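Any read-out appearing in this document is the output of simple, stated calculations on the displayed coordinates, not a laboratory observation. A quick note: this is a predicted structure, and the numbers were derived from the prediction, not measured. Note: ideal-geometry Cβ built from the backbone for every residue, glycine included; neighbour counts use all protein chains shown.
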Number of protein chains: 2
Amino acid sequence: MLNNTALAFEIVQEFLDEKDVSYAELLEALKIIKENDFLAYENILKSLDDEDLGNIASLMPEHMLSDVLELSSSKKIALAIGELESDDATDLMQSIEEISDEKANQIFANLSKQEQDEILFLKRYDDDKAGAYMQTELFKMKLSDTLSDAIKSYKKLKVKEELEHIFELFIVDDEGKLQFSLPVADMILYEFNATFSDILQNNPSLSKELHFVKDYEDIDEAIILVRDYDLSVIAVVDDNNKLLGRITHDDIHDLLQDSATEQIYNFAGVGDIDSEDESVFKAAKSRATWLIVNLCTSLISAHVISIFSDAIEKLVALAALMPIVASMGGNTGSQALAVTIRKLALGESDFAKAKKTIFREISISFMNASVFAILMGFIAYVWFNMPMLSLVIFISMILNLGIAGFIGSFIPLLLKKCGFDPAIGSSILLTALTDALGFFSFLLLAKLILL
Amino acid sequence: MLNNTALAFEIVQEFLDEKDVSYAELLEALKIIKENDFLAYENILKSLDDEDLGNIASLMPEHMLSDVLELSSSKKIALAIGELESDDATDLMQSIEEISDEKANQIFANLSKQEQDEILFLKRYDDDKAGAYMQTELFKMKLSDTLSDAIKSYKKLKVKEELEHIFELFIVDDEGKLQFSLPVADMILYEFNATFSDILQNNPSLSKELHFVKDYEDIDEAIILVRDYDLSVIAVVDDNNKLLGRITHDDIHDLLQDSATEQIYNFAGVGDIDSEDESVFKAAKSRATWLIVNLCTSLISAHVISIFSDAIEKLVALAALMPIVASMGGNTGSQALAVTIRKLALGESDFAKAKKTIFREISISFMNASVFAILMGFIAYVWFNMPMLSLVIFISMILNLGIAGFIGSFIPLLLKKCGFDPAIGSSILLTALTDALGFFSFLLLAKLILL
């Protein structure tokens, strides 16, 4: 962790001396320098070469990317984008578009025809599709090629540093349809003058071990395949089995971390983007959205309580006890919610399996509901010495905690079924329901039984 | 997703026919068959060969592993464990120990001396250390070896199927100290009769590009390196730089998914283990732990309310409004909590940077506190037409929401500093504080200002 500007400058110097400093470390250092010495920061940005500029720009938050757009000519930025792999180039172009459409157009005009086509091709895919995460650059050969051809191509790719993370060699037929793939290192296992047709004929199992996703399939499918088969890379093909691109394990790695962040943010009702680099004002605004929802739902709860104000006036103990019912219900529901959300994320459940998941959660919550209803009934008796009050809190806890398990497992399944992220605001929806239900059941029962 | 037993049997058949079925899919099928046709399930388990038995057993939940232990001789299970890589073998032995120490001892006695030593070696590492996730099998050569030697070794490893996921060739000196590493495919880039010393001399940058962790370093360090440098594999060395093992990207992948699950579970107060395969009773018991904590904290809140019962008796509107203050505080705090927990997980914050993180969260929450305090003051005025009541809810919301931001960012930082998981029960601790504080500040202010 960086603590001060001097250390940040040291890291930048090490980077420029081509010591082993990652772009992530460089970015951290630049953030610190930007805060403390803006002129030096601008000079460093200007001095970066095309490749470094492209790589660091694709990691940058908006406010730093804006600086790059201001300081560099469209031509320079286009060259930097040209150094990136197609998926990163597309992401960066999209980030630039969000900052300035005009600048984006200028930069786009400076790209080569091939780069433009690639970006237009990849931009078509929605965020949740496998195609959106593939890069079109890959190491592929035809069935009619020999291993010597492949080795020559590999050497060329390596010397030109055109392609990183070359784990797998993809073999296609004359129409570009994917036939099989080989770990690159396995090239040395075969005769160098054999063609890939020969290899496939002698090793028919190769085509069975092939793993791929369709470009319009859900990216989650790719994640599950990569996990289940411990893949380093997965091919992306179109409906005709034509090879379009590949998704590498480091993209999957980033996806997993992003989706873990998104999930816990959605769970807690934090806006999508909430990084250190966003301004405090923007972060507050984005979080306010869910706070407004929460305010509305708690006003409903307040209204529920006010309906029973006569009961509370007669027995003020109700006011003290009612938050216990609501809070225990909310907690029981949160547990069911977290478990269901993770099951959906890991592909262990879906709407088809919903009955089983919900049944399990209801069983668990009713089991705990019984235990805690008895316990709370007893505590209420010791505290207020009113057997009927104990009965009221006992029944309302059974109801609220039990139903919380149902709600907690049902909400994410329903959200997912409707095409939303299963975690979005689910926690706020849940507590809205368990609060309102907790107050209502407890106060209604009190009115009916006690008063 | 599997829906019925017939499909499950089909998948098992495909697996036995050596079609491309992953162990994860086989396991899903076995679970279904176990529920519907126990005899068939037992027969399938018995018919698995050593390698498949080892691989499927290391994925199994406890209840299925118990069946394997009952059905197979210790010798058979020892053979299955012998087929696994050292890290998986160690994990499986530890799972078996948890079921039956006696059986574990019998199996351990049937392992070869080398397998026993490896397992004893790996068992020394705590769960959070890099060493606990490494496998000792790797593809390594000495400086004095030639490339032809390496290619011969690679062919041998491949033919014997001794090692999976061979991405990287590690080069050590005579004392076993790590010197540099090469992507395996890059072997074809050099002269076959060159030694690795020669290669290093001609390409000194190779030793600079080396990435490794120490065995007693935190596993999070390895995760960050793998992410920042897009590594497929990372070397694990001891304090003398001696090469001990490697961690591959698929292990990191599993770790990321597990830690995402753990984090959201800890956040919501679900016990560590809560899979579909655990019995409902066990799951309920483990979740009850945090419900007990929640019950205690909500009893404290109830006590706070009961202190002010005279105020509520005089003005029952207080009972309706007080949960709003508590709920909005809890929500604001949850947002700060989620953001801080993810920052810690992604290495973007730590105790040294705490001041900055906390300051940011307090700024955001006070900003929203002001907005919602004004809004709620206005709503209360319209609803109850008591200006002083509006003032009370205004002040108590500013206080509670503002402080919630502090608590939400401080709790995870403190937990981490004390060596706990920053997410553990943090949500329950937070709402305990925001509830108690919300009720207390609101009712106290009401008593002082209104009554």
**Item:** Within straight-line cross-link reach of A:Lys140, aspartates and glutamates at Cα separation under 15 Å, skipping those fewer than 8 residues along the same chain
**Value:** A:Asp149, A:Glu162, A:Glu164, A:Glu168, A:Asp173, A:Asp174, A:Glu175, A:Asp186
**Asked** How much length, in nm to one decimal, is gained on full extension between A:Ser363 and A:Leu16, taken as 0.36 nm per residue of separation minus their Cα-Cα distance?
**Response** 118.9 nm
**Message:** Can you compute the label reach from B:Phe378? Point 7 Å from Cα along the Cβ direction, backbone N cut-off under 18 Å, restricted to segment B:328-367.
**Reply:** B:367
**Fill in**
Dividing the mean separation of Cα pairs under 8 Å (6+ apart) by the residue count of chain A yields a relative contact order in percent of 11
**Message:** Averaged across orientations, what area in nm² does the convex hull of the alpha carbons in segment B:103-182 project?
**Reply:** 7.1
**Prompt:** So if R0 is 30 Å, what FRET efficiency would B:Ser370 and B:Glu221 give, r being the distance between their Cβ atoms, rounded to the nearest 0.05?
**Reply:** 0.15
**Request:** From other protein chains only, count the Cβ atoms within 10 Å of every residue's Cβ in B:283-294, then give the mean.
**Result:** 6
**Reciprocal mean inverse distance between Cα atoms of segment B:348-451 - Kirkwood radius, Å** = 14.8
**Prompt:** For segment B:368-419 and segment A:404-420, what is the separation of their Cα centres, given in Å?
**Reply:** 30
**Complete:** Counted neighbours (other Cβ, 10 Å), sorted fewest up, put A:Val392, A:Val339, A:Val12, B:Val280 in the order B:Val280, A:Val12, A:Val392, A:Val339
**Prompt:** Based solely on its DSSP helices, what 222 nm [θ] is calculated for the protein assembly as shown when runs of n ≥ 4 H residues each add -39,500 (n - 2.57) and the sum is averaged over all residues, nearest 500 deg cm²/dmol?
**Reply:** -21500 deg cm²/dmol
**Asked** Which number do you get for Rg(Cα) / (2.2 N^0.38 Å) in chain A?
**Response** 1.30
**Request:** Using a Förster distance of 51 angstrom, determine the FRET efficiency expected from the C-beta separation of A:Leu120 and A:Leu448, and round it to 0.05.
**Result:** 0.15
**Complete:** Its Cα gyration tensor gives segment B:5-126 an equivalent ellipsoid whose semi-axes in whole Å, largest first, are 26, 14, 12
**Fill in**
With B:Gly131 itself left out, Lys, Arg at +1 and Asp, Glu at -1 over residues whose Cβ is under 11 Å from its Cβ give -4
**Fill in**
Any helix of chain A counts here only if DSSP assigns it H throughout, its Cα atoms span 30 Å or more along the axis, and its mean Kyte-Doolittle hydropathy is at least 1.0, and such helices are A:280-307, A:354-384, A:387-417
**Request:** Looking at the protein assembly as shown, send over the antiparallel percent of its DSSP beta bridges, to the nearest 5.
**Result:** 70
**Item:** Hits among aspartates and glutamates - C-alpha to C-alpha of B:Lys416 under 14 Å, sequence gap 8 or more where chains match
**Value:** B:Asp128, B:Asp218, B:Asp220, B:Glu348, B:Asp350
**Request:** Starting from the Cα of B:Glu313, step 7 Å toward the Cβ, then list every residue of segment A:300-334 with an amide N under 18 Å from that point.
**Result:** A:309-322
**Message:** I'd like the distance separating the alpha-carbon centroids of segment A:300-366 and segment B:33-54, in whole Å.
**Reply:** 40
**Request:** Please work out the ratio of the alpha-carbon Rg of the protein assembly as shown to 2.2 N^0.38 Å and round it to two decimals.
**Result:** 1.04
**Request:** Filter the cross-link list A:Lys31/B:Lys343; A:Lys355/B:Lys282; A:Lys242/A:Lys353 down to pairs whose alpha-carbon distance in this structure exceeds 23 Å.
**Result:** A:Lys242/A:Lys353
**Request:** Lys and Arg at +1, Asp and Glu at -1: add these up for the other residues within a Cβ distance under 10 Å of A:Lys177 and post the number.
**Result:** -3
**Asked** Restricting to segment A:142-265, what percent of DSSP beta bridges are antiparallel, rounded to 5?
**Response** 75
**Request:** Given the peptides A:438-449, A:303-314, A:198-209, arrange them by the average over their residues of other C-beta atoms within 10 Å, most packed first.
**Result:** A:438-449, A:303-314, A:198-209
**Item:** Antiparallel content of DSSP bridges confined to chain A, in %, to 5
**Value:** 70
**Asked** What is the gain in length, in nm to one decimal, between B:Asn240 and B:Ala24 on full extension, counting 0.36 nm per residue of separation less the C-alpha to C-alpha distance?
**Response** 73.9 nm
**Message:** How high is the relative contact order of segment A:140-255? Use alpha-carbon pairs under 8 Å, at least six apart in sequence, and give a whole percent.
**Reply:** 24
**Request:** Check the straight Cα-Cα distances from A:Lys447 and name the lysines below 16 Å, setting aside those fewer than 8 residues away within the same chain.
**Result:** A:Lys314
**Net charge of Cβ neighbours under 12 Å - reference A:Leu111; Lys, Arg +1; Asp, Glu -1** = -2
**Complete:** On the formula 1/(1 + (r/R0)^6), with r taken between the Cβ atoms of A:Asp52 and B:Asp128 and R0 of 30 Å, the FRET efficiency rounded to 0.05 is 0.30
